[in-house]
Amino acid sequence: MSTVHYVCKYTPIEVLAGFGATCENLNSMPEGFNVSEQIAGTNICGFGKATLDAVFAGEVHELVLVSCCDTMRAVYDLLVASGKLDFIYLLDLVHCGNACAADWMADQIRNLAHSYADYSGATFDVDAFKRSFTERESIDEPYVSILGARMGTELYEAVRNAIPMPVRNDTCVENRSVSATNMPQTDDVDELLAWYAGELLQQLPCMRMVDTSGRHVMLEDPNLAGIIYHTVRFCDFYGFEYSQIKDKATVPLVKIESDYTTQSTAQVLTRVEAFAEGLTMAPWKPSSHINESGKYFAGVDSGSTSTDVVIIDEDGTICATTILPTGATAQSSAQTALDEALASADLSRDDLKATVLTGYGRGSVGLDGDAITEITCHARGAHHIDPSVRCIIDIGGQDSKVIKLDEEGNVVNFAMNDKCAAGTGRFFDMMAQVLQIDLDEISRRGLHWNEDITISNTCTVFAESEVVSLVAQNKALDDIVHGIDKAVANKTMGLVGRVGGEAPFMMTGGVAQNEGLVAAVSQRLGAHVAVHEHAQLCGALGAALFARDEAKSADSR
Ligand code: ADP
């Protein structure tokens, strides 16, 4: 039996099943794009590239595409030209569900059926067609829905594992709902096809349809506990829907974007895990890492740039701290940082009752302890330092985050820039290099400026050339650094706006030590921005406090 791959929920897979074919949703994500980067234009989305790569890797022999968008049409043309497939067909979808569209769809299905019969030599079996319908399972308990553009299988599995409740995939092809409930009692193929074409088009509409109003039912399910909204880079249709629902949704919502490679998964997971932590009362799972004889608690923040450790006692008093460069491996720096912190307080690892790991490397530090995202840990640390704080601006080495808190210190909303160095510590590190000054100097120079210079780019590459040209114009160093601070403050304001951040503000992360930036952010916000002496350690402090909660909760069980 042959396998026909398909990419769209409007594909008549029941008809293909009538010809004895097994239909499979083509949805896996490659590690990177090999062939497609060479043959496809830049405006093809990651899914289009993944499709091309799957065919060129010999994973697909029969493929039915649907004219959903320009990418799919381009993919079809490239694949026809490649001659790589035994069977390829492009179904022309009319993007509405009226009677006229159903007639057109029925014709399209007949044409596909003729082509497939010619190619395969198989005949259409009405009973096989009728038997092939499947019903979508409903979920009768609280669940998280993944909405938006199609999500690759690998990412979906990772997301499902990160969410501590049932997850329903409502993206694109996955919310296919062609039901046999109203099938006419006949074996007449024309009559069946006329009905079937209507059923296909009457599904819950995808965002490519003209009338998408039917999609609101997904938001109205009383069991819906949260939404993960997924977009694929360059797939505009779902970007529009996200902007429509983000203010209307009454349940927690997080947006993630993927480029359809497995490489982007780790980055995306921090958002998903932080979202999951916000859905549950305690962000840790019942721990298997409690050492009953210990009396201290460690938080280890394995960041992209620095590895920070905080050790606290049962009262929450800080006993020891360390900040080390993360260096070549997250594991060795985390172990060294922990041992250095312990040694400075005359403690050993046996004195630790529980440890919580956070930061970008939290899953790979090789220490016993549960992992909690840096978003939740920064919130916990900041709330402990100052319970009045409602908005945290955390700028680290490679990313920046803005986290909105409620009065209990819970994360209400967060936004991250984790895609590039723009507006992060790395940006300052690079600018300091260009200006041939050290971090201390770049942190203070922007405080005393005369000329109000504007640097319009926070993209490191473009900003570097702007700064080089300012140097060539003999602009004063203080003024250039002030321009850099303003550019990063503007970028940060975008994140504050996205989460609806409100005063009192606190800045955490290593970049909080940059006084010029703190002044520029404060000026843009029109509000005071507090910086605590432990700003860079805030994530590790939050992790240590969670370790203490975890041990307390284990004691009370
Ligand atoms: P991560 O958690 O991603 O490892 P951190 O929160 O430790 O990052 O922040 C690292 C960044 O902090 C560095 O890239 C650097 O730009 C900035 N930084 C560190 N120390 C200072 C300092 N003394 N003054 C200004 N910036 C600093």
Selection within the range 221-272 - part of a helix (DSSP H, G or I), in contact with a helix residue (DSSP H, G or I) (Cβ under 9 Å, 6 or more places away or on another chain) and within 30 Å of Ala54 (Cβ to Cβ): Tyr238, Glu241, Thr262, Ser264, Thr265, Ala266, Val268, Leu269, Thr270, Arg271, Val272
Taking Ser67 and the conditions (1) farther than 27 Å from Val210 by Cα; (2) open to solvent by less than 30 Å² (accessible area, probe 1.4 Å), which numbered condition does it fall short on, given that it satisfies the others? (1)
Reported set for the range 171-220 where residues are charged (D, E, K, R) and assigned to a loop (DSSP other than H, G, I, E, B) is Arg176, Asp187, Asp188, Arg208, Asp211
Anything in the range 437-465 that is within 16 Å of the ligand (Cβ to nearest atom) and either in a helix (DSSP H, G or I) or over 16 Å from Lys486 (Cβ atoms) (or both)? List them, or say none. Ile437, Asp438, Leu439, Asp440, Glu441, Ile442, Ser443, Arg444, Arg445, Thr460, Ala463, Glu464
Residue match in the range 399-420 (condition: open to solvent by 30 Å² or more (accessible area, probe 1.4 Å), in a helix (DSSP H, G or I) and more than 16 Å from the ligand (Cβ to nearest atom)): no
Subset of the range 344-368, residues buried (at least 24 other Cβ atoms within 10 Å of the Cβ) and either out of contact with any Phe, Trp or Tyr (no Cβ under 7 Å at 6 or more places or on another chain) or within 16 Å of Leu537 (Cβ to Cβ) (or both), comes to Thr355, Val356, Leu357, Thr358, Gly359, Arg362, Val365
Residue pairs qualifying under the 8 Å Cβ cut-off, at least six apart or on distinct chains, with the first in the range 499-514 being within 6 Å of the ligand (Cβ to nearest atom) and open to solvent by 20 Å² or more (accessible area, probe 1.4 Å) and the second being of a type in the set (D, E, K, R) and at pLDDT 95 or above, are none
Does Met209 qualify as being hydrophobic (A, V, I, L, M, F, W, C), open to solvent by less than 60 Å² (accessible area, probe 1.4 Å), more than 21 Å from Met29 (Cα to Cα) and in contact with a His (Cβ under 7 Å, 6 or more places away or on another chain)? yes
If a residue has to be assigned to a helix (DSSP H, G or I) and either of a type in the set (S, T, N, Q) or over 30 Å from Asp370 (Cα atoms) (or both) to count, how many in the range 499-545 make the cut? 13
Pick from the range 515-528, criterion away from the ligand (no atom under 14 Å from the Cβ) and within 15 Å of Ser400 (Cβ to Cβ), ranking: surrounded by the most Cβ atoms within 10 Å (Cβ to Cβ): Leu525
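The values are calculated or read from the model by the stated rules, or taken from the named source; none is laboratory data. In this text, all values refer to a predicted model and were calculated from it rather than measured experimentally. Methodologically, a virtual Cβ is constructed for each residue, glycine included, from the backbone with ideal geometry; neighbour enumeration extends over all protein chains shown. In case anyone asks, the SASA skips ligands and DNA or RNA and just uses the protein heavy atoms, side chains included. Shrake-Rupley method; radii C 1.70, N 1.55, O 1.52, S 1.80 Å.
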